[in-house]
Amino acid sequence: MNNNGILAVLVFYPLLGALGCCIVGRKDERFRDYLADSITIIEFILAVILLGIYAGKAYGGGAVTGFSIPEICGFGLNFTLDGFRLIYGLIAVFMWMMTTLLSREYFEHHENRNRFYTFFLLTLGATMGVFLSADLFTTFIFFEIMSFTSYVWVAQEENEASLRAAATYLAVAVIGGLVMLMGLFLLYAELGTLVIAELPEAAAACENQKLLYASGLCLLTGFGAKAGAFPLHIWLPKAHPVAPAPASALLSGILTKTGIFGIIITSSGLFLHDAGWGSLILGIGVLTMVGGALLAVFSVDLKRTLACSSMSQIGFIMVGIGMQGLLGEENALAVHGAFLHMVNHSLIKLVLFMAAGVIFMNTHALNLNQIRGFGRKKPLLKVIFLTGALAIGGIPFFGGYVSKTLLHESIVEYGSNWIIKGVEYLFLFSGGLTVAYMTKLFVAVFVEKNEDEREQQRFDSMKNYMNRESGFALTASAVVLLIWGLFPHGIMDRAAELAQSFMYLPEAGYKVTYFSMRNFSGAFISIGIGALVYLLFIRRVLMRASREKGRMRAYVNLWPAYLDMENLIYRPVLLGLLPFVGGVVCRVFDSLLDILVVILRKTLYRDSPLPYERPEGNIITELIGYVLNALQKIRNCTWGKKEPRNKDYVHLAAVRYEEFKENNMIISRSLSFGLLLFGIGLSLTLIYIIWW
């Protein structure tokens with residue numbers, strides 16, 4: 001199979017596999033599970049083969065292969081390959097493979113598993129379509145498919161919380177997609193191309209910069225909504241806690257990266273080395289970074305904390321993308337830092353969310369007070385979770401430390417004006433908050449004892465808390481994360497050099513000495529801030545002392561409920577203010593139209609006298625009635641003198657006519673009612689077919 005064939009399989013094989021799993025799952029669920037495993041494993045093997053083919057070429061080379069399906073919506077579907085796309089495609093397939101192995105045990109006692117696996121694989125194909133897309137039209141098509149198929153993940157449990165979160169997720173995705181589509185229209189009208197590789201040259205030659213910025217803002221809105229960037233992050237803390245753990249790992253680790261993928265295309269393709277655009281991305285990144293970290297510190301729900309952490313880490317990545325624009329051609333640190341933190345965050349959240357899934361499988365709870373002490377006597381799970389916690393906290397000798405060091409150095413390299421200095425302080429402070437909330441999670445689950453002694457004994461007695469497949473998935477993911485971070489020059493730098501051409505970095509620049517005291521200092525500052533926040537704020541403020549002596553203190557969430565942006569702003573505006581304003585505007589225009597009609601009738605178009613209106617019947621019934629009345633008079637004057645008749649045939653003809661009309665109306669209504677019932681039945685049948 002040539003390169004083009006492998007590229008085609010990576011996109012469409014999971015889509016066909018989803019159909020196969022759907023059909024097989026109706027007959028044999030066990031075989032369906034193994035089929036899903038084999039599909040993701042084969043997909044991973046093909047991605048590794050393609051990596052080997054590509055790795056033989058020069059680092060930083062452009063796209064080496066591609067394929068197209070022409071004549072679809074006039075643009076066709078076009079796919080290509082470069083280092084960035086290949087690495088992220090490989091990471092996506094690896095994460096799908098591991099979460100598929102976990103899913104068998106996780107969904108053992110769940111309903112609608114066939115539906116989950118079907119949309120699980122559909123989303124894999126759509127995600128690969130996004131990462132391998134060669135133009136923004138193809139990106140948009142698969143981006144929207146991915147949004148709708150992943151919606152089913154969030155709504156999987158079908159309870160009130162999951163359906164509400166799914167509605168929020170879908171609303172943000174749909175609105176973001178529509179705004180993105182408007183940006184694509186503007187961009188194509190101005191540049192004449194949507195091919196990603198052609199965007200920098202076309203944008204540089206564009207004279208209408210205002211229109212270019214308008215289209216860029218539309219694209220940023222659509223991609224930023226999927227990435228979970230402030231202020232479009234509202235779906236992220238709601239969707240992750242209610243979605244199944246395998247889905248949460250992918251929502252956080254991969255689907256948010258499709259949004260970052262689009263933001264990088266917009267920033268590097270349309271606004272390469274643009275300081276103004278870089279400042280905008282940097283500002284959004286700082287708000288996202290700090291806001292997510294604060295929400296995570298206050299949260300007492302395991303998966304919600306990890307979800308808010310994802311929002312914060314997306315902010316770190318966007319800070320790196322913003323610094324690429326500010327640093328101009330000398331942006332190697334920012335390019336490598338942003339890319340490596342993307343990879344780090346994906347692998348870290350795979351480990352942490354799968355560990356959270358194991359905890360939920362055994363406790364059926366996520367509140368820290370309820371799962372407290374679960375992992376005290378589970379060394380394997382403790383080491384796995386600790387690996388992810390240390391990596392995301394930026395602790396030296398773990399992957400997160402390397403990417404955060406590069407991002408921090410890119411900020412320092414820019415200069416020391418007071419704004420950038422403030423960004424640096426917030427960067428270090430957010431890193432400290434990351435250490436604090438991850439320490440809270442680790443201590444609560446793996447160090448402290450549960451308040452209920454019998455519950456703690458039950459936790460400690462659990463020996464077979466995950467099967468072999470789940471254990472392999474978690475252990476292998478943690479080992480990959482650990483090895484990735486232990487060789488920053490041998491693995492991480494080489495991966496960044498392979499991907500840098502996607503962000504138009506021609507040369508890597510000098511190598512960073514990651515383990516020097518100068519670079520250690522930034523990590524130590526964040527660790528110190530994290531220790532202070534944990535000891536002085538989390539332990540003293542966010543833990544409520546029990547009134548009974550000898551009882552442990554409980555974790556409490558003191559984040560004000562009224563600061564929920566969804567309930568504070570979005571729902572009131574979208575469901576209350578906009579319909580009200582729209583209704584008022586429509587009423588005003590309706591009244592103006594009525595006034596205009598009255599004025600025209602009184603002036604230019606004066607009212608003509610009303611035509612004669614018959615009290616009943618029509619002209620035909622009236623003529624028939626007059627004829628019959630005349631015949632009645634002749635009869636009364638001749639052969640019917642003895643028994644004259646005095647019927648009003650005009651009225652009787654009108655009555656018969658009304659009866660005829662009513663009968664016709666009854667018949668037509670019956671047909672309409674029958675068609676209505678047929679339509680309802682057809683709709684219910686289609687819904688049943690779609691939703692199983």
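The values are calculated or read from the model by the stated rules, or taken from the named source; none is laboratory data. None of these values were measured; they are calculated from a predicted model. All Cβ positions, even for glycine, are placed from backbone atoms using ideal geometry, and neighbour counts span all protein chains on display. For accessibility, only protein heavy atoms count, side chains too; no ligands or nucleic acids. Shrake-Rupley method; radii C 1.70, N 1.55, O 1.52, S 1.80 Å.
Listing for the model above:
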item: Estimated translational D of segment 110-252 in µm²/s (Stokes, Kirkwood radius over Cα pairs; 10 °C; 1.306 mPa s); result: 99 µm²/s
item: Accessible carbon and sulfur surface of segment 200-244 relative to its total accessible area, %, 1.4 Å; result: 64 percent
item: Extreme residue, positive dipole direction of the chain, given options VAL585, VAL93, ILE321 (C-beta unit charges); result: VAL585
item: Surface per residue (accessible, 1.4 Å probe) for segment 117-218, Å²; result: 37 Å²
item: Whole-angstrom gap from segment 71-114 to segment 402-454, using each part's C-alpha centre; result: 30 Å
item: Size of charge dipole - segment 182-279 - debye, nearest 20, with Cβ of Lys, Arg +1 and Asp, Glu -1, no other charges; result: 500 debye
item: Reachable aspartates and glutamates from LYS511, criterion Cα separation under 14 angstrom, eight or more residues apart if same chain; result: GLU330, GLU409, ASP493, GLU497
item: Proximal aspartates and glutamates relative to LYS463, as straight alpha-carbon distance under 20 Å, when same-chain residues fewer than 8 apart are discounted; result: GLU105, GLU108, GLU448, ASP452, GLU453, GLU455
item: Cα pair distances of the chain binned at 20 Å [whole percent]; result: 16, 44, 21, 9, 7, 2, 0
item: Contact order normalised by residue count of segment 187-315, Cα under 8 Å, 6+ apart, percent; result: 28 percent
item: Dipole moment magnitude, nearest 20 debye, segment 358-472 about Cα centre, only Lys, Arg, Asp, Glu C-beta charged; result: 420 debye
item: Efficiency of FRET between LEU51 and ASP590 - r from beta-carbon atoms, R0 56 angstrom, step 0.05; result: 0.35
item: Amide H contacts of LEU77 (H built 1.01 Å from N, under 5 Å, at least 5 apart or other chain); result: ILE69, ILE72
item: Dipole axis of the chain (+1 Lys, Arg; -1 Asp, Glu on Cβ), positive-most option in PHE374, ILE53, THR258; result: PHE374
item: Prolate/oblate/rounded label for segment 415-493 (Cα gyration tensor, a/c 1.5); result: oblate
item: Anisotropy class of segment 345-455 from Cα gyration tensor, a/c 1.5 cut; result: prolate
item: Net dipole in debye of the chain [+1 Lys, Arg Cβ; -1 Asp, Glu Cβ; about Cα centre; nearest 20]; result: 2140 debye
item: Among 637-648, 305-316, the order from most to least packed when residues are scored by Cβ within 10 Å on average; result: 305-316, 637-648
item: Cα gyration tensor shape for segment 285-398, rounded if a/c is under 1.5, else prolate or oblate; result: prolate
item: Whole-Hz couplings from phi, Karplus 6.51/-1.76/1.60, listed for segment 333-349; x for Gly and Pro; result: 4, 5, 4, 5, x, 5, 5, 5, 6, 4, 5, 4, 5, 4, 5, 5, 6
item: Segment 361-499, accessible area per residue, ligands and nucleic acids excluded (1.4 Å, Å²); result: 41 Å²
item: Cα centroid of segment 348-369 to Cα centroid of segment 616-653, whole Å; result: 91 Å
item: Unit charges at the beta carbon, dipole of the chain: most positive-side option, PRO615, ILE599, ALA173; result: PRO615
item: Cross-link pairs LYS238/LYS404; LYS257/LYS440; LYS421/LYS449 - those with Cα-Cα distance over 32 Å; result: LYS421/LYS449
item: Order by protection proxy (mean Cβ within 10 Å, highest first), peptides 229-237, 266-274; result: 229-237, 266-274
item: Cross-link partners of LYS647 among lysines (Cα-Cα below 25 Å; sequence separation of 8 or more within a chain); result: LYS633, LYS661
